[in-house]
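The values are calculated or read from the model by the stated rules, or taken from the named source; none is laboratory data. Small disclaimer: the values here were computed from a predicted structure and weren't measured. Note: ideal-geometry Cβ built from the backbone for every residue, glycine included; neighbour counts use all protein chains shown.
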């Protein structure tokens with residue numbers, strides 16, 4: 001009930017009594033509502049003086065030991081109640097509300113007289129008078145200390161689980177790498193036996209059996225390495241412009257020899273309605289199609305395998321959805337297994353019940369790649385009638401201009417029969433074994449940089465059999481001393497060299513070429529058994545042209561020479577080509593604010609954590625890691641990397657995390673960490689600092 005607008009003196013005694021009683025009841029109800037609103041409700045003036053508080057708030061302050069009676073809070077300031085340090089934080093938030101005239105939600109902390117710290121969630125908004133002027137703030141605060149303790153324990157448990165999982169995957173990667181080194185010796189020795197015409201036919205047959213068995217085991221460990229890399233690292237595939245038609249061409253060429261040996265007909269179909277050039281995760285798509293094609297050929301005993309790409313729909317003028325299919329006439333998959341085949345380590349039949357080799361990892365990795373690219377995969381298959389795997393993928397249009405078919409790819413719906421394959425895949429260089437006493441002056445010469453004597457011997461023998469003259473350098477220093485421009489057509493570079501790493505050696509060779517004004521760079525190909533660390537970025541930035549996983553095969557050696565010295569359109573099986581002019585990383589790849597907020601769950605804490613990370617990187621981590629690396633203190637480096645990777649599990653800096661993981665793996669394998677590794681770390685740290693400096697708090701908040 002409101003008082004009448006006319007003079008109260010005109011009211012009778014009875015009317016005044018009714019009005020007073022009504023106002024008393026209304027005031028009581030309002031006070032009851034305020035006192036029992038969930039949370040501590042309070043209001044202050046613009047100078048931070050407390051004007052009022054509800055009963056719940058008064059009770060909270062009493063329990064915290066700040067006052068014993070409601071009267072003690074009215075007229076007091078935050079400094080008088082909580083102390084100067086806590087008051088400064090409260091005042092800053094209050095002034096933001098008053099000056100910007102907007103509601104804010106902030107986490108605030110307070111220290112009790114006992115020393116215990118409280119965490120509170122406060123919602124504050126301006127308090128206005130009748131004229132619309134801001135006369136203070138009104139707030140509602142809830143104690144969330146218990147929830148923050150639960151959150152902290154959950155984060156600790158999550159970090160512990162991540163550390164355990166990382167240890168498991170690092171062990172898997174190290175085990176796989178250590179197994180691939182002797183496997184390289186077995187397979188390469190078998191390759192030498194197969195290519196040596198002086199060995200009886202039966203001996204070469206045994207060599208083929210050894211080589212095939214070794215390759216199957218090597219493929220299994222490669223799958224293990226892929227899995228460990230995917231589980232250890234955040235998704236960091238870069239988008240790039242590429243031609244779908246040329247991608248199909250490369251895949252076709254890689255599988256021609258296998259199709260020929262299996263007496264299969266290979267179909268490749270390309271929809272000309274697809275854009276000439278698109279932007280997407282080219283490398284990830286390449287891996288997906290390689291895996292699906294490999295499975296199709298492996299599980300097809302007769303008939304054909306078809307790889308097709310077609311336009312599915314235009315999302316808009318700049319985006320399309322493309323469809324990729326791999327179809328075979330093979331053994332097929334039972335309908336009740338169509339979904340579970342994408343689960344990790346699942347096989348339709350256990351290895352001991354099947355004559356078809358496989359790890360149960362490949363389709364899981366395919367599914368993970370496709371999901372991370374924003375696509376979908378489905379399978380249509382019946383036992384005995386073959387299988388069709390269909391991948392739908394969103395892509396950005398770069399160019400819609402039509403292009404003529406590149407060399408080596410046929411028009412749509414092309415068919416490549418086994419007899420055609422045989423003609424197209426013959427690229428012999430030489431078939432004569434080179435003895436130590438033979439004159440090799442007129443033969444193509446390569447430099448093998450490898451510290452393992454067994455790998456030196458068998459790789460040189462294989463390259464000799466393939467028709468190459470080989471010089472061997474056991475260290476990076478030896479390689480640099482032996483190198484001269486135009487002396488070698490190719491350099492095979494091991495990564496894990498003692499003292500001077502393969503990366504540093506490659507950089508030194510590139511520097512020597514510049515000093516001597518070399519007209520062209522000598523191609524450097526990394527030979528590696530590593531899988532968990534990011535060798536791709538390290539090799540590319542060191543100036544290498546490609547990466548081959550050990551063991552090197554004779555076919556790879558022959559075709560590799562032709563690719564770099566004769567025709568760059570000739571694809572090399574298993575070669576990962578590198579480009580030194582990589583696109584600049586995006587801000588999200590350098591400092592992922594969204595992922596950090598998602599991990600922490602609270603925007604304000606996440607932004608504070610990022611600020612703390614940047615400050616720590618600049619003031620502590622970078623100087624420390626430099627001093628440790630330059631003093632060659634491996635144990636201290638491992639501890640420092642472990643600590644920093646723990647912080648990066650929450651504050652997300654994907655590129656820096658990947659770089660540190662790579663260096664960590666190298667230290668665990670005993671590889672010498674030199675100044676080159678520090679430069680890699682410094683580059684990524686400075687990128688994080690620069691990225692953060694370009695973002696102020698307002699911009700960061702808008703990103704959320």
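Could we say that residue 681 is within 17 Å of the chain's Cα centre (by Cα) and either at pLDDT below 80 or on the phi < 0 side of the Ramachandran plot (or both) here? Steps first, please.
Details: within 17 Å of the chain's Cα centre (by Cα): yes; either at pLDDT below 80 or on the phi < 0 side of the Ramachandran plot (or both): yes.
Yes: the conditions hold for residue 681.
Is there a residue being loosely packed, with under 15 Cβ neighbours inside 10 Å and touching a helix residue (DSSP H, G or I) at 6+ places or on another chain (Cβ under 7 Å) anywhere in segment 565-576? No: segment 565-576 contains no residue that is loosely packed, with under 15 Cβ neighbours inside 10 Å and touching a helix residue (DSSP H, G or I) at 6+ places or on another chain (Cβ under 7 Å).
Could you tell me whether any residue of segment 19-40 is closer than 15 Å to residue 141 by Cα, modelled with pLDDT of 85 or more and surrounded by 11 or more Cβ atoms within 10 Å (Cβ to Cβ)?
In the first step, residues of segment 19-40 are kept if they are closer than 15 Å to residue 141 by Cα; the result is 34-40.
From what's left, modelled with pLDDT of 85 or more: 40.
Restricting the remaining residues to those that are surrounded by 11 or more Cβ atoms within 10 Å (Cβ to Cβ) gives 40.
Yes, there is a match, as at least one residue in segment 19-40 is closer than 15 Å to residue 141 by Cα, modelled with pLDDT of 85 or more and surrounded by 11 or more Cβ atoms within 10 Å (Cβ to Cβ).
Filtered by the rule that a residue be at pLDDT below 80 and part of a helix (DSSP H, G or I), segment 606-634 gives a lone residue, 634. Exactly one residue among 629, 600, 605, 610 is out of contact with any helix residue (DSSP H, G or I) (no Cβ under 8 Å at 6 or more places or on another chain) and in contact (Cβ under 8 Å) with a residue 40 or more places away in the chain, and that residue is 605.
Just one of 107, 85, 103, 116 is out of contact with any strand residue (DSSP E or B) (no Cβ under 7 Å at 6 or more places or on another chain), touching a residue at least 12 places away in the same chain (Cβ under 8 Å) and more than 14 Å from residue 44 (Cβ to Cβ); which is it? Spell out the reasoning first.
Values: 107 fails: out of contact with any strand residue (DSSP E or B) (no Cβ under 7 Å at 6 or more places or on another chain); 103 fails: out of contact with any strand residue (DSSP E or B) (no Cβ under 7 Å at 6 or more places or on another chain); 116 fails: touching a residue at least 12 places away in the same chain (Cβ under 8 Å).
Step by step, each of 107, 85, 103, 116 is checked, and only 85 is out of contact with any strand residue (DSSP E or B) (no Cβ under 7 Å at 6 or more places or on another chain), touching a residue at least 12 places away in the same chain (Cβ under 8 Å) and more than 14 Å from residue 44 (Cβ to Cβ).
Of all residues in segment 302-315, one or more are more than 19 Å from residue 391 (Cα to Cα) and either in contact with a strand residue (DSSP E or B) (Cβ under 9 Å, 6 or more places away or on another chain) or not assigned by TED's automatic domain parsing to the domain that holds residue 395 (or both).
Residue 127 meets the conditions (1) crowded, with 17+ Cβ neighbours inside 10 Å; (2) under 34 Å from the mean Cα position of the chain (by Cα); (3) at pLDDT 80 or above in every case but one. The failed one is (2).
Conditions tested, residue by residue: (1) outside the structural domain of residue 127 (by TED's automatic domain parsing); (2) touching a helix residue (DSSP H, G or I) at 6+ places or on another chain (Cβ under 7 Å); (3) in a helix (DSSP H, G or I); (4) modelled with pLDDT of 85 or more.
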site: 42; (1), (2), (3), (4): no, yes, no, yes
site: 52; (1), (2), (3), (4): no, no, no, yes
site: 56; (1), (2), (3), (4): no, yes, yes, no
site: 59; (1), (2), (3), (4): no, no, yes, no
site: 67; (1), (2), (3), (4): no, yes, no, no
site: 71; (1), (2), (3), (4): no, no, yes, no
site: 75; (1), (2), (3), (4): no, no, no, yes
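Contact map, segment 150-172: first residue under 16 Å from residue 657 (Cβ atoms), second residue modelled with pLDDT of 70 or more and surrounded by fewer than 15 Cβ atoms within 10 Å (Cβ to Cβ), Cβ cut-off under 7 Å, separation 6 or more or different chains; pairs are 159/646. For segment 117-152, the tally of residues that are over 19 Å from residue 58 (Cα atoms) and part of a loop (DSSP other than H, G, I, E, B) stands at 5. Within segment 151-165, the set of residues being surrounded by fewer than 13 Cβ atoms within 10 Å (Cβ to Cβ) and closer than 15 Å to residue 645 by Cβ comprises 160, 161, 164, 165.
Taking the conditions (1) at pLDDT below 80; (2) surrounded by fewer than 20 Cβ atoms within 10 Å (Cβ to Cβ) in turn, residue 671 satisfies each one other than (2).
Report those helices (runs of 4 or more DSSP H) wholly inside segment 463-550 carrying at least 1 residues which are free of Cβ contacts under 8 Å to residues at least 12 places away in the same chain and not assigned by TED's automatic domain parsing to the domain that holds residue 661.
On the way: elements: 476-482, 502-515, 535-541.
By residue number, 476-482, 502-515.
One residue alone among 522, 515, 505 is modelled with pLDDT of 80 or more and surrounded by fewer than 20 Cβ atoms within 10 Å (Cβ to Cβ), and that residue is 515.
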